[in-house]
Structures are given as C-alpha cells and as structure tokens.
Amino acid sequence: MSSTLTSLHSLPSSVLLRLDLDLPVLNGELDLSRLETGLLSLKHLLDKGVQHVRVIGHRGRPEGKKVRALSLKPVEAALKARLSSEQAKRVEVLENLRFDAREEANDPSLAKELAKGSGLFVNDAFASSHREHTSIVGVPAILPSVIGLHFESELKHLHVAEQPNRPFIVLIGGAKIETKLPLITRMCEKADVVLVGGKLIQELEHHALAHRKLIRGKLDESGLDISQDTVSQFERFFAMAKTIVWNGPMGKVEDGHLFGTQAMVTALKKSNVPIIIGGGDTEVYLDSELTSKSNVFVSSGGGAMLTYLSQGTVVGLEAIAKNPAN
C-alpha cells in the first residue's frame, strides 16, 4: 500500500488536502454523506496541530468555465459548519478545480500553484484517482504525498475482491461505454461472470465484444430499463455468488426508471456474501437496510473502483508511490 497519512510521525504546518467534493444533489439539496468521509482526514490534520489546511476538489463538469451552480462555496459552508470555530479558521477551501481547464489537462503550472506554500499533499479523493488530472498526478510530482484515511479504508475493503471467493459475479450498468468497455474486458478475465445492464446493453451492440463470461441483459419495451426476465436472470446469478461487485444503475433512473435498480437492491439484501457497490449514480438509490449490512461496502468510486479492481492500481496511487512522504 502507498504511504498513508496514519503512518506519518510528524506533519508540516501547512498541508494541501484533495477531497471528494463532487456531492450529488437530492431533491434540490446537497447530499453531504460523501463529505463526512473527507472530514476524517481533515480533522486528523487539525487535531495533529497543522496550522493551515488548503482543501481542493471539484464538482461536476464545468469544462474549464466558471459555473455558479457548480461552485464549492456551499460545500465549504457545510464543511466548516462541522468544525469548531477555531478549526474552521485554519481551513481554506479553494474554488472548483475544474473551473480551470488546466486541471483536466494535467498542467504543471497549475500543479506548482496548488503546491506552493504546502509541505505535504494528502490525496483522500479515491473516486477521482483514476484520472490523470493535475490534482491527482501533477501535485504529487512536486510535494511529498500520502493517501488519506478514507482512501486507505477504500483499499482495505476492495482487497476482498482482489482475491475473491468464487463464483465471483460482477454487474456493470449505467452508460459511458467509452470508459467502461476496457474495464468490462478486464473484468471478464478476473470474474466468473460479468453481467451488463443499463444503457450499456444498447451501447455494446456497436462493439465487437464477445466473451463466454459476458452476459448482456435485455431492455424492456421502453428501452430505458432492464426487463423482468433480465431481473430474474441476474437474481439467479446473485443467488449462486460468493462475491459480488456492482457498479452502475440498471435503467435511466434520473427519469424515474427505477424498476431494475430497485430489484437489484432487493436481491442483494438477501445475500450474505461480500458485496462491493460503487459509483455515485448507484449509491443514490441504495437504502439503509442494504448499506448497513456488515457484508456490504459502498465505495465512493465508480470508475476508480472498477479500474482498481481490474488493474490493481490507479494513477493517483502510482503518482504517490513515486514521491511518498515518510
């Protein structure tokens, strides 16, 4: 495992902390559950006497433009409200990194600006650590770096799927075939069965991907959710599984097509085998009855989780390994 925040015996007076601040919006309000995990590293730094913590992160896809609806100001207010007044004075939250096009371009000039004045970089944004962005791979090239408390917890839980009990069943839904196709291919090599639902069912029709372990579901008449026959088929695979990984909804949930996704949640509640669920789009539609089960881990990452499970690493980890703090 990479150098970790908990392994450090001393800390500099100023630290740059990358958090996952891309909070989903539910019923017009920010879902702050993801913020709570980031507070673990922040409070650790403050409790250990760090005098200045600069927090960086992103929201949405503003494509290098300032978009008011994606500002981090509301996130900053929510974060500081969870600190004491003395602690809040020592914390500075920078504006959305993706307002600057240099973030996604991994621009060295932005990396230098972000790193200036800090003695340590802490990456606690697992969900973004599969992306070669400035704050993920550029900053660690300048500052000695570690992973944060939540990132460390993610890796410990994902280890279950690195050496899974078998049959190992993987369910991948949602869309974004351009990013998920190589992951589906690699998961076919690791899993016993790879089930595909969601819009990916249609998108795979345009790609010559055939594998004996790959099972593509069928959509209902609307074309916006999986069919009842597919639900029944996937339930049978879950019943035989000894390890399950699920990423991505089964239908166009943002438009109310929840049948397939809710059916998967119901099926997983009946299972007592290790279950890993990832991806913000999936996480939003889970319920506490499932997520509170001791055998269930909900990862903060979708693409990051699949990348780590299929490759054994993410670029954020590789960047830290080249310049670890000790």
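Some points to look at:
- Ordering 215, 147, 56 from the fewest to the most neighbouring beta carbons within 10 Å gives 215, 56, 147.
- Listed by chain and number, the aspartates and glutamates whose C-alpha is less than 18 Å from the C-alpha of residue 293, apart from same-chain residues fewer than 8 away, are 154, 283.
- Cα gyration tensor shape of region 156-311, rounded if a/c is under 1.5, else prolate or oblate by comparing a/b with b/c: rounded
- Sparsely packed loop sites in region 188-223 (the trypsin sites (Lys or Arg not before Pro) outside DSSP H, G, I, E and B with at most 10 other Cβ atoms within 10 Å) comprise 212.
- Note on residue 43 and residue 101: their simple-model spin labels are 4.1 nm apart, each label 7 Å out from Cα toward Cβ.
- Counting only residues at least eight positions apart within a chain, or on another chain, the lysines with an alpha carbon under 27 Å from that of residue 48 are 73, 80, 89, 112, 116, 156, 322.
- If R0 is taken as 30 Å, the Cβ-Cβ distance between residue 186 and residue 322 corresponds to a FRET efficiency of 0.80.
- Region 2-63: GluC sites (Glu not before Pro) in DSSP loop, at most 14 other beta carbons within 10 Å: 63
- Ordering of 313-319, 89-95 by burial proxy (mean other Cβ atoms within 10 Å per residue, highest first): 313-319, 89-95
- Spacing of the two label points (7 Å from each Cα toward its C-beta) at residue 113 and residue 284, in nm: 3.0 nm
- Label-point separation in nm, residue 67 to residue 294, each point 7 Å along Cα→Cβ: 4.3 nm
- Rounded, prolate or oblate (a/c below 1.5 giving rounded, otherwise prolate when a/b exceeds b/c) for region 248-310 by Cα gyration tensor: oblate
- Within straight-line reach of residue 65, meaning a Cα separation under 14 Å, sit the following aspartates and glutamates at least 8 residues removed in sequence or on another chain: 95, 100, 103, 104.
- Relative to the longest principal axis of the Cα atoms of the chain, the long axis of helix 259-269 lies at roughly 80 degrees.
- Length-normalised contact order for region 156-311 - Cα pairs under 8 Å, 6+ apart - percent: 25 percent
- Listing 192, 225 from fewest to most neighbouring C-beta atoms within 10 Å gives 192, 225.
- Rounded to the nearest 500, the helix-only mean residue ellipticity at 222 nm of the chain stands at -10000 deg cm²/dmol, with each DSSP H run of n ≥ 4 adding -39,500 (n - 2.57).
- Gain in span if fully extended, residue 92 to residue 205, counting 0.36 nm per residue against the direct Cα distance: 35.9 nm
Taken together, the values in this text are just the output of simple stated rules run on the coordinates, not laboratory data. Every value quoted in this text rests on a predicted model; they were computed, and no experiment measured them. Cβ coordinates were reconstructed from backbone atoms using ideal geometry, including for glycine residues, and neighbour counts include every protein chain displayed.
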